[in-house]
Every structure is written in structure tokens, then in C-alpha cells.
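**Q** Let me give you the structure first, and then I'll get to my questions.
The values are calculated or read from the model by the stated rules, or taken from the named source; none is laboratory data. Please read these numbers as outputs of a predicted model, since none were measured by experiment. Cβ placement follows ideal geometry from the backbone for every residue including glycine, while neighbour counts extend to all protein chains displayed. Note: areas computed on protein heavy atoms with side chains; ligands, DNA, RNA excluded. Shrake-Rupley method; radii C 1.70, N 1.55, O 1.52, S 1.80 Å.
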Amino acid sequence: MTTSHDILRIRPDDYDPDDMPVERARAFILDRLKPIDRTERLPILQALDRVLAADVTSPMNVPGHDNSAMDGYALRHADLAAGGATTLEVIGTAFAGKPYAGRLGPGQCLRIMTGAPIPAGADCVVMQENVLAQDGRATIGPGHRSGQNIRRAGEDLAQGGIALAAGRLLRPADLGLLASLGIGQVDVCRRLRVAIFSTGDELVPVGQTLGDGQIHDSNRYSLHGLLARLGCEVVDLGLVRDDPATLEAALREAAAGADAVITSGGVSVGEADFTREVMARLGTVLFWKIAMKPGRPLAYGEIGSAQFFGLPGNPVSVMVTFYQFVRDALLRMQGRAPEPLPTFAVRCTAPLKKAPGRTEFQRGMLRLEGDEWVVAPTGEQGSGILSSMSRANCFIVLEQARGRVEAGETVRVQPFEGLV
Ligand code: AMP
Ligand code: MG
């Protein structure tokens, strides 16, 4: 029972030992989700950043034949004297795309270009810099190995093997790899349709003048960016007032045509009751207090066949909960296996305020100092300070049990950007 004494006691912060650990919430969501099963066939040039729906089996060996890794001379290794120089007769030239038709006999060699098929009889390529060529003859010193400078047929991709596995996000190298197999079209998972809206009576869309106490809706714009990066189709339902009937209508409309619905605001203490009441009529929902900062309250559930993520209203909390929960969920629904995001340990150049009991995702600036990567916080870490996300290039992930960090201690960082 809460007594007036409890209420009046000042608590150092909003730590609650019953809050759910980040890992548990993440595992719960992933356990429940299955990939959507609709696919489409696309030309490979349109398949970048899409998720492969089925394994691609290699219809051929790549390379298709043994070929030279160097410009040089193809020869029979057994012809080379072990202790001194050997002179061989040059009987012709093999070019990439223009193989030499004949066979090498004893004492013969062939001028060969990079990528040209190795002629019958040859088992060694000596690079041209190590050959003295004169008057149709080539003189070669000792010390060469049988098989050197030869790329073997199938060493890149073997015929019948899985070249690319289902669930893979197609990256630039994969487009090239598919082309190398002569594959011009692939089956990919359909893009996820994600409906979004913002809730809050104080919100005003961009382009309208702010009245007293009003603020511009920024969450929908951050969410657009996040969803675009994940390759989702966004259905934007705009702003929804804090009114049960309006909220219910918006959630119904959102869920009808979407694989997932993401809202922001209206799930904090007090407001949650209101969303809870509406959700009880529409589907199922769990309200979670997660042991994390920022982004503690989160609603997760289902409306019809759509997954529902009710994110907190604060702009930084929206982004952090998206990265830490929604991202994985959407990857899973797209058919991808969400591997953990890479983090690495670096020295933190400034002290960080942190209380044990919850995972914190502070915003950091990672930079190269000499030849060492170091990180510093972006400054004020309030969950309403979106400029901290904008200035940051990484999260500083502080583990649940960890307390205050002193300058010079090692922390884990999770960079925002990878290779394009
Ligand atoms: P709530 O979770 O609805 O209580 O909102 C928490 C804080 O986030 C409040 O200060 C809201 O004004 C702010 N907020 C909620 N939604 C948005 C939004 N779409 N854009 C910017 N700030 C918002
Ligand atoms: Mg609100």
C-alpha cells in the first residue's frame, strides 16, 4: 500500500527493481515474431538492401576454369631445374577470353595474361617480373612451386553450393556475386508496410505556426528516417489527438493495412491507462517498464495481424527504443536473422553519470585520437534533447549493473554508421 509518506519521499531517480531487463524484452519480442511470407521477384539492380527470400544455389563454378592470377608465363613445373636457371621455348600467348588451344609439351612455356585459362599441360605460372624473355625463349630461376599463381575453377563459388542464403540482406558485393553467376533476378521478401502516427494534444505538424504551449511533431520524421533505412514502406497517419475515440479509429485504420504499427507518446504513467483501455477493445497489449534509460515505458502487442509498438513520446526515447527493440523485430519480420549490432570497447574521456539497475544508452562522439579510438558524451543527456542524438555518432552502452564511470575508464560503444 502506498502511504502519503511514500509519495512525499524524494526518490533519487525513477529506478524500479521490478523493471524488465533489456535483454528479456528483446528476447520476448523475437520469440513471438515470424517472417512475413510474401515475396516478389526483382531484377538484381533493384534488389539492393532487400532480403533474399530463398537460398541461391550456384549454377556453375566461379571461376569456370583454372586461370592465371598474374601476367607471366605458364609452364610445367617439372621442367624447372631445382638448383639453377632453366630456359624454355615460348610457343604462344593466352589472353583472358582468348584461351590457347594447344597443349604444352616438355621444354615449352606460354606467355599468359591475368584471367586467361591455364593451357593443358601447364601447372605453374611465373610472374613476368621473374622471367628473362628474349628471342622466343624465357629463362626462369629456381624456387617456384607447382600450382603457384593459379586460381582454381570453383574456388570462389562451387557449382551446386549455396552462394547466398535466404534471409540475407543484399549488399553491393552480393549484386556482383549474383551477376558473376549469371543470375539476373532474385526472390526477395516484400517490403514491410509500417503505419505510424504521433499522439499528443500539444503537437503541431511542420508548416503550421505554434500556438501557446505547442511543439512541432518531430517523432514522425525521425521514424520516417529509421524506417526508410530499414527498407520499409511507411504509411503515415499523421497526428492523433489524446482522445479515446480518435485513437481507436486511428489504430484500427493503421492496423488494417500494415504489418506493424508504431506510435509515439501516450504510454507513460497516467496516459498508459488511456491507451490500455483502447487497446483492450482492439487487440492485446503488454505495458512494459524496461530497465533502460532513456525509453522506459513501452507498449507491445498485436492488433489483428499487425504488430503494435507504442513508443514513449520523448524524441530520444523514440529513437533508442526503436534501435533496441523495433529494429530487431522488423528485421525478423523481413526474414532477416537479427545479428547483435557490433559494439567495441574504447576509453571514455569524460566522467558519466550512471546509476546501477538499468542499461543506459548515452549519446557519444567517437573520434580518433592519435591512433586510438576514444569516446566522449555529447553533453546533456535528457530524453527530450534530440540534438544529442543528432550530434552523436554512437551510443555509449552502459551495462545494467554498472555505476558511475570515471574519465579514462573503458566503455562499450555502438556506432551509428557502417560501411555503405
Ligand atoms: P508522452 O510520452 O506522450 O507523455 O510525451 C513525453 C514528452 O515527449 C512530452 O514532453 C511530449 O510533448 C513529447 N512528445 C510526445 N510526442 C512527441 C512528438 N511526436 N514530437 C516531439 N515531442 C513529442
Ligand atoms: Mg502525450
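Residues checked against (1) assigned by TED's automatic domain parsing to the domain that holds Ile396; (2) touching a residue at least 24 places away in the same chain (Cβ under 8 Å); (3) more than 13 Å from ligand 1 (Cβ to nearest atom):
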site	(1), (2), (3)
Ala291	no, yes, yes
Pro294	no, yes, no
Ala299	no, yes, no
Glu302	no, no, yes
Phe308	no, yes, yes
Leu311	no, yes, no
Ser317	no, yes, no
Tyr323	no, yes, yes
Asp328	no, yes, yes
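**Q** Working only within region 171-229, note down all residues that are closer than 19 Å to Arg332 by Cβ, away from ligand 2 (no atom under 16 Å from the Cβ) and open to solvent by less than 40 Å² (accessible area, probe 1.4 Å).
**A** Correct list: Val188, Cys189, Leu192, Val194, Ala195, Leu226, Leu227.
**Q** Looking only at region 233-240, decide whether some residue is touching a Gly at 6+ places or on another chain (Cβ under 7 Å) and away from ligand 2 (no atom under 12 Å from the Cβ).
**A** Of the residues in region 233-240, the ones touching a Gly at 6+ places or on another chain (Cβ under 7 Å) are 235.
Okay, now just the ones that are also away from ligand 2 (no atom under 12 Å from the Cβ), so 235.
Yes, region 233-240 contains a residue that is touching a Gly at 6+ places or on another chain (Cβ under 7 Å) and away from ligand 2 (no atom under 12 Å from the Cβ).
**Q** Select from region 126-150 the residues that are within 41 Å of the chain's Cα centre (by Cα) and buried (at least 18 other Cβ atoms within 10 Å of the Cβ) and write down the one among them that is nearest to Asp66 (Cα to Cα).
**A** Taking region 126-150 as the starting set, the residues that turn out to be within 41 Å of the chain's Cα centre (by Cα) are 127, 147-150.
Going one step further and asking which of them are buried (at least 18 other Cβ atoms within 10 Å of the Cβ), we end up with 149-150.
Details: Asn149: 10, Ile150: 7 Å.
Across region 126-150, the extreme among qualifying residues is Ile150.
**Q** Now for a separate question. Select, from Leu178, Leu157, the only residue that is touching a helix residue (DSSP H, G or I) at 6+ places or on another chain (Cβ under 9 Å) and modelled with pLDDT under 95. Steps first, answer last, please.
**A** Numbers: Leu178 fails: modelled with pLDDT under 95.
After applying the criteria, what remains is Leu157.
**Q** Cβ-Cβ below 6 Å, separation at least six or inter-chain, first residue in region 179-208 and acidic (Asp, Glu), second away from ligand 1 (no atom under 16 Å from the Cβ) and in a loop (DSSP other than H, G, I, E, B): which pairs?
**A** Asp187/Ala53; Asp187/Ala54
**Q** Could you figure out which of (1) assigned to a strand (DSSP E or B); (2) surrounded by 15 or more Cβ atoms within 10 Å (Cβ to Cβ); (3) touching a Pro at 6+ places or on another chain (Cβ under 9 Å) isn't true of Phe308?
**A** Tallying (1) assigned to a strand (DSSP E or B); (2) surrounded by 15 or more Cβ atoms within 10 Å (Cβ to Cβ); (3) touching a Pro at 6+ places or on another chain (Cβ under 9 Å), Phe308 fails exactly one: (3).
**Q** Could you tell me whether any residue of region 171-185 is in the same structural domain as Leu80 (by TED's automatic domain parsing), away from ligand 1 (no atom under 16 Å from the Cβ) and among the acidic types (Asp, Glu)? Lay out the reasoning, then the answer.
**A** Restricting attention to region 171-185, the residues satisfying the condition of being in the same structural domain as Leu80 (by TED's automatic domain parsing) are none.
No - not one qualifying residue is present in region 171-185.
**Q** Given the conditions (1) touching a helix residue (DSSP H, G or I) at 6+ places or on another chain (Cβ under 7 Å); (2) farther than 30 Å from Val51 by Cα; (3) in a loop (DSSP other than H, G, I, E, B), which single one is not true for Gly295?
**A** Failing condition for Gly295: (2).
**Q** Then there is this: Between Leu247, Leu227, Leu251, which is part of a helix (DSSP H, G or I) and within 24 Å of the chain's Cα centre (by Cα)? Give the steps one after another, and end with the answer.
**A** Numbers: Leu247 fails: within 24 Å of the chain's Cα centre (by Cα); Leu251 fails: within 24 Å of the chain's Cα centre (by Cα).
So the residue among Leu247, Leu227, Leu251 that is part of a helix (DSSP H, G or I) and within 24 Å of the chain's Cα centre (by Cα) is Leu227.
**Q** Would you please name the residue that is nearest to ligand 2 (Cβ to nearest atom), looking only at residues in region 317-351 that are of a type in the set (S, T, N, Q) and open to solvent by 20 Å² or more (accessible area, probe 1.4 Å)? Full working, then the answer.
**A** Of all residues in region 317-351, those of a type in the set (S, T, N, Q) come to 317, 321, 324, 334, 343, 349.
With open to solvent by 20 Å² or more (accessible area, probe 1.4 Å) added as a condition, the list becomes 343, 349.
Numbers: Thr343: 32, Thr349: 36 Å.
Out of the qualifying residues, it is Thr343.
**Q** Then there's this: Let me spell it out: the conditions are (1) within 14 Å of ligand 1 (Cβ to nearest atom); (2) assigned by TED's automatic domain parsing to the domain that holds His77; (3) not polar (S, T, N, Q), and Ile196 meets all of them except one. Which number is the exception?
**A** It is condition (2) that Ile196 fails.
**Q** Here's a check for you: in region 363-394, which residue that is within 17 Å of Glu406 (Cα to Cα) and open to solvent by less than 10 Å² (accessible area, probe 1.4 Å) is nearest to ligand 2 (Cβ to nearest atom)?
**A** Arg363
**Q** When the residues of region 267-316 are filtered to those that are within 16 Å of Ser383 (Cα to Cα) and among the polar types (S, T, N, Q), which remaining residue is nearest to ligand 2 (Cβ to nearest atom)?
**A** It comes out as Ser268.
**Q** Do you know which residues across region 242-289 are touching a residue at least 60 places away in the same chain (Cβ under 8 Å) and either touching a His at 6+ places or on another chain (Cβ under 6 Å) or open to solvent by 50 Å² or more (accessible area, probe 1.4 Å) (or both)?
**A** Passing the criteria: only Lys289.
**Q** If you don't mind, another one. Return a yes/no flag: does region 257-272 have any residue that is assigned to a helix (DSSP H, G or I), more than 21 Å from Ile385 (Cα to Cα) and not basic (Lys, Arg). Before you say what the answer is, go through the steps one by one.
**A** Within region 257-272, the first condition is being assigned to a helix (DSSP H, G or I), and the residues that meet it are 271-272.
Then keep just the ones that are more than 21 Å from Ile385 (Cα to Cα); that gives 271-272.
Remaining after also requiring not basic (Lys, Arg): 271-272.
Yes, some residue in region 257-272 is assigned to a helix (DSSP H, G or I), more than 21 Å from Ile385 (Cα to Cα) and not basic (Lys, Arg).
**Q** Right, next: Among the residues of region 28-49, count how many are modelled with pLDDT of 95 or more and within 18 Å of the chain's Cα centre (by Cα).
**A** Going through region 28-49 one residue at a time, the tally reaches 2.
**Q** For region 70-81, state whether one or more residues are open to solvent by 30 Å² or more (accessible area, probe 1.4 Å), modelled with pLDDT of 95 or more and of a type in the set (Gly, Ala, Ser). First the steps, then the outcome.
**A** Looking only at region 70-81, we keep the residues that are open to solvent by 30 Å² or more (accessible area, probe 1.4 Å), and these are 70-71, 76-79, 81.
Filter again for modelled with pLDDT of 95 or more, leaving 70-71, 76-79, 81.
Next, from what is left, pick out any that are of a type in the set (Gly, Ala, Ser): 78, 81.
Among the residues of region 70-81, at least one is open to solvent by 30 Å² or more (accessible area, probe 1.4 Å), modelled with pLDDT of 95 or more and of a type in the set (Gly, Ala, Ser), which makes the answer yes.
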